[in-house]
Amino acid sequence: MDFDLVFKNLVERTGAAGCILMGFDGISVADYIDPNARFDLELLGAEVTGVINQLRSLAISEDIGVSNTLITESELYQVVYEVISEEYYLALILPTSQFIGKARFILSQVRDDLRAEVI
């Protein structure tokens, strides 16, 4: 699978500023950032990995099931964090002007292909 092509297509179809496939160890596997975006995509992914790991551990320890999606929103961006496998998650960074529901739907269309690639 050509991650660059898949991620470029995902960013263009959703109006996202970028996306990144991260390992739960904090190491970036692949990413694509819109040329006009003004943030460090890899730093964002690495920093949030610890938070996602803590939330997943909490969900398991409290027996509420594994968390598969986390959404955060700031003044400028909303980020969808989607678990792809036991080792990887994808972060899709959208300007707040974009529709997050549309982005989640489009992400669901490529999630299984990504999952098959990293397992």
_Can you pull out every residue in segment 68-103 that is in a helix (DSSP H, G or I) and in contact with a strand residue (DSSP E or B) (Cβ under 6 Å, 6 or more places away or on another chain)?_
Ile100, Ala103
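Quick check on this structure: which one of Ile64, Ile100, Ile71, Ile93 is open to solvent by 50 Å² or more (accessible area, probe 1.4 Å) and modelled with pLDDT of 90 or more? Spell out how you get there, then give the answer.
Details: Ile64 fails: modelled with pLDDT of 90 or more; Ile100 fails: open to solvent by 50 Å² or more (accessible area, probe 1.4 Å); Ile93 fails: open to solvent by 50 Å² or more (accessible area, probe 1.4 Å).
Checking each option against the conditions leaves just Ile71.
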*Hey, can you tell me all the residues within segment 106-119 that are over 14 Å from Asn9 (Cα atoms) and without any contact (Cβ under 8 Å) to a residue 24 or more places away in the chain?*
Asp112, Ala116
_Flag if Gly65 is within 25 Å of Phe105 (Cβ to Cβ) and either touching a residue at least 24 places away in the same chain (Cβ under 8 Å) or in a helix (DSSP H, G or I) (or both)_ = no
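Can you find even one residue in segment 51-59 that is part of a loop (DSSP other than H, G, I, E, B) and either buried (at least 16 other Cβ atoms within 10 Å of the Cβ) or in contact with a Ser or Thr (Cβ under 8 Å, 6 or more places away or on another chain) (or both)?
We begin by selecting, within segment 51-59, every residue part of a loop (DSSP other than H, G, I, E, B); these are none.
Among the residues of segment 51-59, not one is part of a loop (DSSP other than H, G, I, E, B) and either buried (at least 16 other Cβ atoms within 10 Å of the Cβ) or in contact with a Ser or Thr (Cβ under 8 Å, 6 or more places away or on another chain) (or both), which makes the answer no.
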*In segment 1-46, what residues are under 16 Å from Ser85 (Cβ atoms), small (Gly, Ala, Ser) and in a strand (DSSP E or B)?*
Gly23, Ser28, Ala30
*Output for segment 4-48, where each listed residue is more than 17 Å from Pro95 (Cβ to Cβ), hydrophobic (A, V, I, L, M, F, W, C) and open to solvent by 50 Å² or more (accessible area, probe 1.4 Å)*: Leu5, Ile27, Val29, Leu43
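For segment 26-45, which residues satisfy the criterion of being more than 18 Å from Ser74 (Cβ to Cβ) and either among the β-branched types (Val, Ile, Thr) or touching a residue at least 60 places away in the same chain (Cβ under 8 Å) (or both)?
Here is the first cut: in segment 26-45, the residues more than 18 Å from Ser74 (Cβ to Cβ) are 26-32, 35.
If the condition is that a residue be more than 18 Å from Ser74 (Cβ to Cβ) and either among the β-branched types (Val, Ile, Thr) or touching a residue at least 60 places away in the same chain (Cβ under 8 Å) (or both), then Ile27, Val29 are the ones that fit.
The values are calculated or read from the model by the stated rules, or taken from the named source; none is laboratory data. Keep in mind that this is a model prediction, so the values were computed, not measured. As a convention, Cβ positions derive from the backbone with ideal geometry for all residues, glycine included, and neighbour counts pool all protein chains shown. For accessibility, only protein heavy atoms count, side chains too; no ligands or nucleic acids. Shrake-Rupley method; radii C 1.70, N 1.55, O 1.52, S 1.80 Å.
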